[in-house]
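Worksheet: one structure, shown below.
The values are calculated or read from the model by the stated rules, or taken from the named source; none is laboratory data. All values reported here derive from a predicted model rather than from experimental measurement. Neighbour counts are summed over all protein chains in view; Cβ atoms, including those assigned to glycine, are modelled from backbone coordinates with ideal geometry.
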Amino acid sequence: MQLVDQVRQQGGRVEEREGPLGKELLAEVPAPASEGSELKLARFIGVDGPRWFLRGVIGGAAASDPEAAAQVEDLFRSIVVVRGGTPMPPRDLIPLKMPATPGSA
């Protein structure tokens, strides 16, 4: 897996586990040099859809605190992906558009 290799090449550690949104990677990733040499916890989550893949990285308190994590997971569940019918090469990013009014899709 490309992401696992990338984290390990940077000196981090990765573990695959089952999370509330399905399979996820729990990683300890090196902090930027400006923040010291410690490892920071990050959760990589993803959802497969028809002709799209939504990936999220959860860091900070939500990477380890269940209450904070639940709020981020709820936000992730509320995302609506509109892929459209236009052909796109694999791994191309779908443009992100915010709804005109909060709460509308």
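Identify all residues within region 27-38 that are surrounded by 15 or more Cβ atoms within 10 Å (Cβ to Cβ) and either over 23 Å from Q71 (Cβ atoms) or in contact (Cβ under 8 Å) with a residue 24 or more places away in the chain (or both); write none if there are none. Walk me through how you get there before you give the answer.
Kept after step one, since they are surrounded by 15 or more Cβ atoms within 10 Å (Cβ to Cβ), are these residues of region 27-38: 27-30.
Passing the criteria: only P30.
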Quiz item: Considering region 61-93 alone, what residues qualify as being closer than 14 Å to F44 by Cβ and not charged (D, E, K, R)?
Solution: A62, A63, A69, V72, F76
Quiz item: Do you know which residues across region 49-73 are surrounded by 10 or more Cβ atoms within 10 Å (Cβ to Cβ) and more than 19 Å from K23 (Cβ to Cβ)?
Solution: R51, G60, A61, D65, A68, Q71
Quiz item: If we keep just the residues of region 1-26 that are closer than 28 Å to P95 by Cβ and of a type in the set (G, A, S), which is surrounded by the most Cβ atoms within 10 Å (Cβ to Cβ)?
Solution: G19
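Residue-wise test of (1) more than 23 Å from L96 (Cβ to Cβ); (2) among the aliphatic types (A, V, I, L, M); (3) at pLDDT 95 or above; (4) under 17 Å from the mean Cα position of the chain (by Cα).
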| position | (1), (2), (3), (4) |
| --- | --- |
| P32 | yes, no, no, no |
| E35 | yes, no, no, no |
| K40 | yes, no, no, yes |
| R43 | no, no, yes, yes |
| G49 | no, no, no, yes |
Exercise. Determine whether V81 is touching a residue at least 12 places away in the same chain (Cβ under 8 Å) and more than 14 Å from the chain's Cα centre (by Cα).
Key: yes
